[in-house]
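**Q** One structure coming up, written as structure tokens, with questions to follow.
We did not get these values from a lab; they are worked out from the coordinates using the rules stated. What you see is a predicted model, and the numbers here were worked out from it, not measured in a lab. Cβ placement follows ideal geometry from the backbone for every residue including glycine, while neighbour counts extend to all protein chains displayed.
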Amino acid sequence: MKVLITGGCGFIGSNFIRYFNTKHPYYKILNVDKLTYAGNLENLKGIERKRNYRFIKADISNTKVMKNCFEKFRPDAVINFAAETHVDRSIVGPSPFIKTNFLGVGVLLNLALRFQIKKFLQISTDEVYGSILRGSFTEHSPLNPSSPYAASKAAADALVMAYYRTHGLPVLITRSSNNYGPYQFPEKLIPLTIINALNNKKIPLYGDGKNVRDWLSVEDNCEAIDIVFQKGSIGETYNVGGENELTNIYIVRKILKILNKSESLITFVKDRPGHDRRYSLSLSKIRRQLDWHPTTSFRKGMDKTIDWYRKHQKWLRNCQTGEYRTFYRKHYSKLGLQEF
Ligand SMILES: NC(=O)c1ccc[n+]([C@@H]2O[C@H](COP(=O)([O-])OP(=O)(O)OC[C@H]3O[C@@H](n4cnc5c(N)ncnc54)[C@H](O)[C@@H]3O)[C@@H](O)[C@H]2O)c1
């Protein structure tokens with residue numbers, strides 16, 4: 001089996017390639033990644049020397065280059081992780097989100113159809129459903145995205161399903177909740193809190209800090225993605241969650257407690273526009289049909305994550321690229337957000 005994986009140098013993609021390669025050592029993998037500020041070749045150290053793995057630096061929205069990748073590699077399947085993923089960035093500059101998350105997916109779908117691939121798995125997000133104060137979203141809930149990021153992902157999901165209905169392209173979608181774990185770019189809540197706490201820097205919290213997210217260990221998500229890829233029914237979407245619904249303030253306090261740091265590091269900042277209050281997913285479909293459920297307890301996953309960031313200071317320093325610094329100074333500093 002030859003699998004084209006896009007965005008494999010990012011947080012979930014790199015964890016997935018490591019997991020997938022261990023689970024299916026005979027699969028051939030081509031990882032196509034643009035290496036934006038969030039993509040890092042170091043995330044795949046050890047994998048890059050394997051004979052069944054290849055990497056190409058490319059943009060999924062570039063039809064010519066992607067056609068070349070399909071022609072040369074002739075994939076049986078595509079798993080698309082490539083995306084612009086930070087909601088804050090989508091508010092100040094939505095264009096790369098529309099280009100990669102929507103137009104890029106369009107390029108992949110066209111090529112997947114032309115090269116008759118046998119499976120196209122789109123990695124989506126719970127953010128496409130929008131906010132829910134009570135109850136949980138099922139896969140049949142209407143899409144109601146709030147941020148430009150979530151809207152670009154919802155548009156992509158619609159396009160993926162259109163290729164299934166119109167052309168019979170064999171597609172699958174996973175919509176997962178917030179992931180945490182090793183290799184996450186440190187502008188996101190959990191790594192940012194860990195790093196700033198370790199360095200006694202301020203920890204920004206939006207609004208009253210009571211927004212609820214369902215935290216999923218990235219390892220559990222990788223397992224779920226593989227199960228959907230192997231056993232999911234074509235044309236179906238599967239929610240993937242961690243069954244750990246927690247407020248942001250709870251998470252930050254917990255990390256500070258584990259690290260034995262003072263809560264005075266917490267700094268409340270003006271709320272993000274369009275900030276969804278609560279995300280919640282029903283996992284009954286994936287439990288019932290694919291016999292999957294999350295197995296990592298939040299405490300165990302968090303201890304492991306903190307330990308990883310503590311031991312990877314060099315990796316962290318390499319994330320502080322010129323692009324990150326320039327972007328931070330231009331947009332975040334005036335919002336009172338703390339750079340890592
Ligand atoms: N992180 C989460 O909590 C979460 C939750 C639900 C869904 N998702 C989805 O999972 C996927 C991966 O998320 P992540 O957190 O690993 O993101 P990430 O930002 O860590 O990584 C994204 C990767 O995509 C690459 N990329 C960006 N634009 C590209 C382009 N035009 N062409 C090729 N590569 C490109 C980047 O270089 C990077 O390696 C995304 O589709 C995201 O929407 C993430």
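**Q** Where does the charge balance sit around Gly168 when Lys and Arg score +1, Asp and Glu -1, over other residues with C-beta under 13 Å from its C-beta?
**A** That works out to +3.
**Q** Given charges of +1 on the Cβ of Lys and Arg and -1 on the Cβ of Asp and Glu, with all other atoms neutral, how large is the dipole of the chain about its Cα centre, in debye to the nearest 20?
**A** Here the chain has a charge dipole of around 820 debye.
**Q** Further, regarding this structure: Any number yet on Rg/Rh for segment 241-340, C-alpha, Kirkwood?
**A** Dividing the radius of gyration by the Kirkwood radius yields 1.03.
**Q** For the chain, what is the per residue volume of the convex hull drawn over the alpha-carbon atoms, in cubic angstrom?
**A** Convex hull of Cα atoms, per residue: 123 Å³.
**Q** Working out 0.36 nm times the residue gap between Arg325 and Ser95, then minus their Cα-Cα distance, what length gain in nm do you get to one decimal?
**A** In short, 80.8 nm is gained.
**Q** Stretch Ser141-Glu263 to full length: gain in nm at 0.36 nm per residue minus the Cα-Cα span?
**A** So the extension gain works out to 40.1 nm.
**Q** Give the peptides 129-140, 98-109 in descending order of average Cβ contacts within 10 Å, highest first.
**A** The packing order, highest mean first, is 98-109, 129-140.
**Q** For a quick protection proxy, order the peptides 248-256, 20-28, 115-123 by their average other-Cβ count within 10 Å, most packed first.
**A** Peptide ranking by packing, descending: 115-123, 248-256, 20-28.
**Q** Same structure again: Long-range amide H contacts for Phe137: which residues qualify at under 5 Å (H placed 1.01 Å from N, peptide plane, sequence gap of 5 or more or a different chain)?
**A** It is Ser280, Leu281, Ser282, by chain and number.
**Q** Can you give the translational diffusion coefficient of segment 1-141 in µm²/s, computed by Stokes-Einstein from the Kirkwood radius over Cα pairs at 20 °C and 1.002 mPa s?
**A** Result for D is 135 µm²/s.
**Q** Please report Rg over Rh for segment 93-225, where both radii come from the alpha carbon positions and Rh follows the Kirkwood definition.
**A** 1.02
**Q** Just need the relative contact order of the chain here, percent rounded to a whole number, with Cα pairs under 8 Å and 6+ apart.
**A** 18 percent
**Q** Arranged from highest to lowest average of other beta-carbon atoms within 10 Å per residue, in what order do the peptides 185-198, 48-61 appear?
**A** 185-198, 48-61
**Q** Now a separate question. Could you grab the relative contact order for segment 97-200? Cα pairs under 8 Å, six or more apart, rounded to a whole percent.
**A** Relative contact order here is 34 percent.
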